[in-house]
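J.: Let me begin by handing over the structure; questions about it come next.
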Amino acid sequence: MRAVHSTLIVAASLFVLQPALAQKRKSTTKAKPLQVKPIDELARLRAEFIKATKEYKGSLEKLLASYEKTVIIAGTRLTQSRELFAQGLISKNEVAASERTLADANDKVTETKLRMNSADAQIADALVEADAEKTLAKSKPLAKGSLLQTAAYIRYNGGASWALSDAWKVQRFFLDAFKKPLPIAVFGQGAIHDRWRLDHHNAMDISLHPDGAEGQALLNFLRSNGIPFLAFRAAIPGTATGPHIHIGRPSHRY
């Protein structure tokens with residue numbers, strides 16, 4: 001209503017001052033268009049998400065290609081080692097070393113593929129947190145044990161000491177309650193957090209909507225144990241990614 005009221009006042013003023021404004025028509029032809037900030041903000045978030053996802057996946061694809069070459073080389077060397085061992089030219093320990101090298105190379109390929117598959121969620125989570133950090137930085141400090149709910153997020157400033165080494169407690173609760181692993185999207189600091197200079201070292205992100213049954217159960221567990229969290233309801237415009245539960249203190253820029 002305030003915006004509509006302001007628009008009516010401006011329109012009335014223009015009608016009254018029309019003769020005077022007509023003389024300055026040339027100087028007003030370049031007037032700034034009306035800004036619709038919410039739409040601009042959504043468009044910015046969407047554009048940043050697309051750009052960051054493309055760049056991040058591109059870097060992972062290059063990394064994957066490099067690791068896959070390493071696997072081929074390690075596999076060739078292992079074959080050669082086994083042939084040399086059969087001929088009695090090298091020891092069994094040397095063959096075992098070649099096997100470990102190949103196993104390590106395969107592990108890196110697997111890990112990179114997993115990162116590529118979860119890239120959308122990781123970037124969306126980090127982007128939502130980076131955007132919320134601006135709002136939280138302007139907010140009043142939240143007292144220990146206090147809960148703050150908004151349309152976009154739920155923040156609980158738990159008084160318990162939290163460290164990633166305590167993550168097993170949360171994982172065990174979820175496994176006991178739902179008979180499946182806790183869906184951890186990000187554990188600690190990731191490359192995308194480094195990119196936006198967000199301190200995520202002592203936090204983990206869970207791929208659960210805070211308003212869902214599993215999300216609500218997790219939030220209740222965290223509160224009952226005094227574990228701080230920041231649960232995000234907002235999604236990146238045009239996607240289903242973004243809503244998640246950040247366990248730990250809010251990320252801040254460094």
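J.: So, in segment 189-206, exactly how many residues are under 21 Å from Thr112 (Cβ atoms) and either modelled with pLDDT of 85 or more or in contact with a Cys (Cβ under 9 Å, 6 or more places away or on another chain) (or both)?
T.: 2
J.: If you don't mind, another one. Being at pLDDT below 80 and either surrounded by 23 or more Cβ atoms within 10 Å (Cβ to Cβ) or in a strand (DSSP E or B) (or both) is the filter here, so list the residues in segment 224-241 that pass it.
T.: Ile236
J.: Could you count how many residues in segment 172-198 are in contact with a strand residue (DSSP E or B) (Cβ under 9 Å, 6 or more places away or on another chain), touching a residue at least 40 places away in the same chain (Cβ under 8 Å) and surrounded by fewer than 17 Cβ atoms within 10 Å (Cβ to Cβ)?
T.: Within segment 172-198, residues that are in contact with a strand residue (DSSP E or B) (Cβ under 9 Å, 6 or more places away or on another chain), touching a residue at least 40 places away in the same chain (Cβ under 8 Å) and surrounded by fewer than 17 Cβ atoms within 10 Å (Cβ to Cβ) number 1.
The values are calculated or read from the model by the stated rules, or taken from the named source; none is laboratory data. These numbers were taken from a predicted model, which means no experiment stands behind them. Note: ideal-geometry Cβ built from the backbone for every residue, glycine included; neighbour counts use all protein chains shown.
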